[in-house]
Amino acid sequence: MIVSQILKTKANVGVISVKPDAPVADAVELLSQKRIGTVVVSSDGTALDGILSERDIVREMGKRGTACLDEPVKNLMTSRLVTCTPADSADAVLEMMTNGRFRHLPVMDGGDMIGLISIGDVVKARLAELSMEKDALEGMIMGH
C-alpha cells in the first residue's frame, strides 16, 4: 500500500493549520476541539512552516509551566520536518516514523502539502492489507 491510497481512506477534512504567530493556547484549543494530536503551522494556509504536536506542548510545559501557552506557536513548533510523498510505501513511512520517533507526517506533492498522515492511519492501512493477503492465501489453500 502507498501513501496516496492511505490518504483516500481518510475523511476529507483537509489539513488543520494555525499561523506561526498564533498563541500556543489557541493551538491547544484547536487540538482539543478537533480531537487531533498535531496541527500544521502555516503562514498562508498552504506553505508548510512547521508542525506543533501535543508532545511539543507537554514537553515545554514540563520545562517552563503554563507560561509557554502565551507564546507564539513558532517558538514551540518543530520546523525541521521529515515528509513523505504520495508514492511512498506504508512500510517506508512506518520506518521513517519509528526512526524519527514521531507520529505525524506531512505528505508533499512537489512543493505542496496535500495531506497529513498519522501512525494510526498507516497501521490501520497495513492491518487491512495483511487481512486481505491472509484471506487470499486461505482461498488459495482451500482451492477457491
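The values are calculated or read from the model by the stated rules, or taken from the named source; none is laboratory data. Predicted model only: the values in this text are computed from it and were never measured. A quick note on method: Cβ atoms are made from the backbone with ideal geometry, for glycine too, and the neighbour counts reach across all protein chains shown. Please note that ligands, DNA and RNA were not included when accessible areas were found on the heavy atoms of the full protein model with its side chains. Shrake-Rupley method; radii C 1.70, N 1.55, O 1.52, S 1.80 Å.
Odds and ends about this structure:
- Of all accessible heavy-atom area on the range 1-142, the percent that carbon and sulfur account for (1.4 Å): 54
- Rotationally averaged projected area of the chain (alpha carbon convex hull; nm²): 10.1
- 3J(HN,Hα) from dihedral phi, the range 53-62, Karplus parametrisation 6.51/-1.76/1.60, rounded to Hz, x for glycine, proline: 10, 3, 4, 4, 5, 5, 4, 6, 5, x
- Solvent exposure of the range 49-144 amounts to 62 Å² per residue of accessible area, where only protein heavy atoms count and the probe is 1.4 Å.
- If you take all other residues with their beta carbon under 11 Å from the beta carbon of N75, and give Lys and Arg +1 and Asp and Glu -1, the sum is -3.
- Of the listed residues K10, K74, K124, the order by accessible area with a 1.4 Å probe, largest first, is K124, K74, K10.
- For a straight C-alpha distance cut-off of 25 angstrom, the lysines reachable from K134 (same-chain residues fewer than eight places away being disregarded) are K8, K10, K124.
- Within the range 1-23: backbone nitrogen closer than 17 Å to the E71 label point (7 Å, Cα to C-beta): 19-23
- Overall dimensions of the range 1-42 by Cα: Rg and Dmax, Å: 12.6, 38
- Angle of helix 119-142 to the longest C-alpha principal axis of the chain, folded into 0 to 90 degrees and rounded to 10: 0°.
- Euclidean distance of C-alpha centroids, the range 1-62 and the range 90-144, integer Å: 20
- Simple label model, 7 Å out from Cα along Cβ direction - S43 to I119, nm: 3.2
- Residues whose amide H falls under 5 Å from that of M108, counting only those 5 or more places apart or on a different chain, are C84, T85, I114, with hydrogens built in the peptide plane.
- Estimated vicinal HN-Hα couplings, Hz - the range 26-38 in sequence order (Karplus 6.51, -1.76, 1.60; Gly, Pro = x): 5, 5, 4, 4, 5, 4, 5, 4, 8, 6, 10, x, 8
- Choice from A22, A67, A92 with maximal GNM fluctuation in the chain (Cα, 10 Å cutoff): A67
- Accessible area of S53 in the full protein assembly, 1.4 Å probe (Å², nearest 10): 20
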